[in-house]
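Trainee: My structure is below; once you've seen it, I'll send some questions.
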Ligand code: ADP
């Protein structure tokens, strides 16, 4: 059984085996979590992302997939970059959001990571409603078959924390 923990704070300060980045498909950095991870993690992460683009993801990392790099100067061993879907009113993209959590855990298993910190993927610039984003995150992690012992959701504000707390312990 994977334990779920909730933390209010900045994911770049998390001491975990792996920290998940809400990246964009270019892997070349962006705002929100992505910007914060690259700022605090230093240039080594971007360098690794550039190399991955050149070797495997010339067209970008597809939505719902995940890939790992060094964590640079962050207090973690790896950063797992995953590309969340942009929220759409017309189209149900929940399977892609669930895939981000599942694929990140699969990559974590490949690495041998036992503690993994996740942000609330897609709930920032990508516009996913927080309550639904929290539901998908918690349901997917609970249903995953993984050797990861602890998943820590690192929430940036009280509203996000509340939405996740409601799902973990209703
Ligand atoms: P996306 O493009 O997938 O929506 P964002 O980075 O814009 O990704 O936002 C995802 C979530 O992460 C949002 O809820 C946002 O408030 C939160 N967030 C932004 N910066 C941080 C940070 N440093 N640590 C943890 N969560 C963060």
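The values are calculated or read from the model by the stated rules, or taken from the named source; none is laboratory data. Values in this document were obtained by computation on a predicted structure and should not be read as measured data. So basically every Cβ, Gly included, is an ideal-geometry build from the backbone, and we count neighbours across all protein chains shown.
Trainee: Output the residues belonging to segment 75-91 that are part of a loop (DSSP other than H, G, I, E, B) and under 17 Å from residue 114 (Cα atoms).
Mentor: 75
Trainee: If you don't mind, another one. Residue by residue through segment 1-12, note down the ones that are closer than 23 Å to residue 112 by Cα, in contact with a helix residue (DSSP H, G or I) (Cβ under 8 Å, 6 or more places away or on another chain) and more than 8 Å from the ligand (Cβ to nearest atom).
Mentor: Once the filter is applied, which keeps residues that are closer than 23 Å to residue 112 by Cα, in contact with a helix residue (DSSP H, G or I) (Cβ under 8 Å, 6 or more places away or on another chain) and more than 8 Å from the ligand (Cβ to nearest atom), segment 1-12 yields 2, 4, 6.
Trainee: Let me ask something else. Residues to consider are 31, 35, 41; find the one that is in contact (Cβ under 8 Å) with a residue 12 or more places away in the chain and surrounded by fewer than 21 Cβ atoms within 10 Å (Cβ to Cβ).
Mentor: 31
Trainee: Let me ask something else. Is one or more of the residues making up segment 131-150 farther than 16 Å from residue 84 by Cβ and in a strand (DSSP E or B)?
Mentor: yes
Trainee: Just need a number here: residues in segment 13-39 that are closer than 23 Å to residue 145 by Cα, more than 8 Å from the ligand (Cβ to nearest atom) and touching a helix residue (DSSP H, G or I) at 6+ places or on another chain (Cβ under 8 Å).
Mentor: Adding up the residues that qualify gives 5.
Trainee: Right, another one. Could you look through segment 62-87, keep only residues that are without any contact (Cβ under 8 Å) to a residue 40 or more places away in the chain, away from the ligand (no atom under 13 Å from the Cβ) and within 14 Å of the chain's Cα centre (by Cα), and pick out the one that is surrounded by the most Cβ atoms within 10 Å (Cβ to Cβ)?
Mentor: Let us first name the residues in segment 62-87 that are without any contact (Cβ under 8 Å) to a residue 40 or more places away in the chain, namely 62-65, 69-70, 72-73.
The next check asks that each one be away from the ligand (no atom under 13 Å from the Cβ); those that pass are 62, 65, 69-70, 72-73.
So of that shortlist, the ones also within 14 Å of the chain's Cα centre (by Cα) come out as 65, 69.
On the way: 65: 19, 69: 21.
Going through the qualifying residues, I end up with 69.
Trainee: When you check residue 48 against the structure, is it closer than 20 Å to residue 122 by Cα, at pLDDT 95 or above and either in contact with a strand residue (DSSP E or B) (Cβ under 9 Å, 6 or more places away or on another chain) or part of a strand (DSSP E or B) (or both), yes or no? Working first, answer last.
Mentor: Numbers: closer than 20 Å to residue 122 by Cα: no; at pLDDT 95 or above: yes; either in contact with a strand residue (DSSP E or B) (Cβ under 9 Å, 6 or more places away or on another chain) or part of a strand (DSSP E or B) (or both): yes.
In short, no.
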